[in-house]
1. When ASN75 is evaluated against the numbered criteria (1) at pLDDT below 95; (2) assigned to a helix (DSSP H, G or I); (3) open to solvent by 30 Å² or more (accessible area, probe 1.4 Å), which criterion, by number, is the only one it fails?
2. ALA66 - would you say it is outside any loop (DSSP other than H, G, I, E, B), under 12 Å from the mean Cα position of the chain (by Cα) and in contact (Cβ under 8 Å) with a residue 24 or more places away in the chain?
3. Could you check how many residues of the stretch 50-72 are among the hydroxyl-bearing types (Ser, Thr, Tyr), within 15 Å of VAL134 (Cα to Cα) and either in contact with a Pro (Cβ under 9 Å, 6 or more places away or on another chain) or open to solvent by less than 10 Å² (accessible area, probe 1.4 Å) (or both)?
4. Keeping to the stretch 1-32, report how many residues are acidic (Asp, Glu) and over 17 Å from GLY67 (Cα atoms).
5. Filter the stretch 32-43 down to the residues that are of a type in the set (A, V, I, L, M) and either in a strand (DSSP E or B) or open to solvent by 40 Å² or more (accessible area, probe 1.4 Å) (or both), then identify the one that is modelled with the lowest pLDDT.
6. Tell me whether the stretch 3-19 contains one or more residues that are under 15 Å from the mean Cα position of the chain (by Cα), among the small types (Gly, Ala, Ser) and assigned to a strand (DSSP E or B).
7. Whether any residue in the stretch 28-49 is within 29 Å of GLY14 (Cα to Cα), touching a Pro at 6+ places or on another chain (Cβ under 7 Å) and in contact (Cβ under 8 Å) with a residue 60 or more places away in the chain is what I want to check.
Amino acid sequence: IGAETVRRELADLGDGINEIDLHVNSRGGSVVEGQGIYNLLKDHPAKINSIIDGVAASTSGWICMAGDNISIAENGYFILHDPTNIVSGGAADLRKAADTLDETKNLIARIFSSRTDIEAGEIEDMMLAETWIVVYVVG
């Protein structure tokens, strides 16, 4: 779903809602839509519980970082990877697109870093390597 749908759904909930359970099982999607969804959730006054029911890949993973609480199923995982784009045009267009992708990668890394004890540079390395993060429960 896109940011406009999330905006409408949040508006339909009204002002009296104190807590939202955001259930996620997604391969990801558009960075632009993800930015909108992330910001809508961050700006909402309700307590947001991000619950990863299976996979939080790509954009859906960092949308979950908007939650006040983040939990993941015992068999759940995140997938971190570099953002991608389809570009056509001349050399200048391709260079500009590459710069934009670098800026987007940095933005995503900072979001993950703000919610973990992992530095943004290390997150960027994990994104380059397309890292699958599995949460292991012991005990």
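1. The number of the failed condition is (2).
2. Numbers: outside any loop (DSSP other than H, G, I, E, B): no; under 12 Å from the mean Cα position of the chain (by Cα): yes; in contact (Cβ under 8 Å) with a residue 24 or more places away in the chain: yes.
Criteria not met by ALA66.
3. At the first step, the residues of the stretch 50-72 found to be among the hydroxyl-bearing types (Ser, Thr, Tyr) are 50, 58-60, 71.
Subsequent filtering for residues that are within 15 Å of VAL134 (Cα to Cα) retains 58, 71.
Among the residues that remain, those that are also either in contact with a Pro (Cβ under 9 Å, 6 or more places away or on another chain) or open to solvent by less than 10 Å² (accessible area, probe 1.4 Å) (or both) are: 58.
Going through the stretch 50-72 one residue at a time, the tally reaches 1.
4. Our first condition is that a residue be acidic (Asp, Glu); within the stretch 1-32, this holds for 4, 9, 12, 15, 19, 21.
Now restrict to residues that are over 17 Å from GLY67 (Cα atoms): 4, 12, 15.
Total satisfying the criteria: 3.
5. Looking only at the stretch 32-43, we keep the residues that are of a type in the set (A, V, I, L, M), and these are 32, 37, 40-41.
Within this subset, residues satisfying the condition of being either in a strand (DSSP E or B) or open to solvent by 40 Å² or more (accessible area, probe 1.4 Å) (or both) are 32, 40.
On the way: VAL32: 93, LEU40: 97.
So, considering only residues that are of a type in the set (A, V, I, L, M) and either in a strand (DSSP E or B) or open to solvent by 40 Å² or more (accessible area, probe 1.4 Å) (or both), the one modelled with the lowest pLDDT is VAL32.
6. At the first step, the residues of the stretch 3-19 found to be under 15 Å from the mean Cα position of the chain (by Cα) are 3, 6.
From what is left, the residues that are among the small types (Gly, Ala, Ser) are 3.
Filter again for assigned to a strand (DSSP E or B), leaving none.
Checked against the condition, which is being under 15 Å from the mean Cα position of the chain (by Cα), among the small types (Gly, Ala, Ser) and assigned to a strand (DSSP E or B), the stretch 3-19 yields no hits at all.
7. Of the stretch 28-49, the ones within 29 Å of GLY14 (Cα to Cα) are 28-49.
Remaining after also requiring touching a Pro at 6+ places or on another chain (Cβ under 7 Å): 31.
Subset that is in contact (Cβ under 8 Å) with a residue 60 or more places away in the chain: 31.
Yes - at least one qualifying residue is present in the stretch 28-49.
Yes/no per residue for (1) surrounded by 14 or more Cβ atoms within 10 Å (Cβ to Cβ); (2) among the hydroxyl-bearing types (Ser, Thr, Tyr); (3) modelled with pLDDT of 95 or more; (4) not in a loop (DSSP other than H, G, I, E, B):
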residue	(1), (2), (3), (4)
ALA92	no, no, yes, yes
LYS105	yes, no, yes, yes
ALA109	yes, no, yes, yes
TYR136	no, yes, no, no
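The values are calculated or read from the model by the stated rules, or taken from the named source; none is laboratory data. Remember, predicted model here, so these are calculated numbers, not experimental data. Every residue, glycine among them, receives a Cβ derived from its backbone with ideal geometry; neighbour counts consider all protein chains shown. Areas reflect the complete protein model, heavy atoms only, side chains present, ligands, DNA and RNA absent. Shrake-Rupley method; radii C 1.70, N 1.55, O 1.52, S 1.80 Å.
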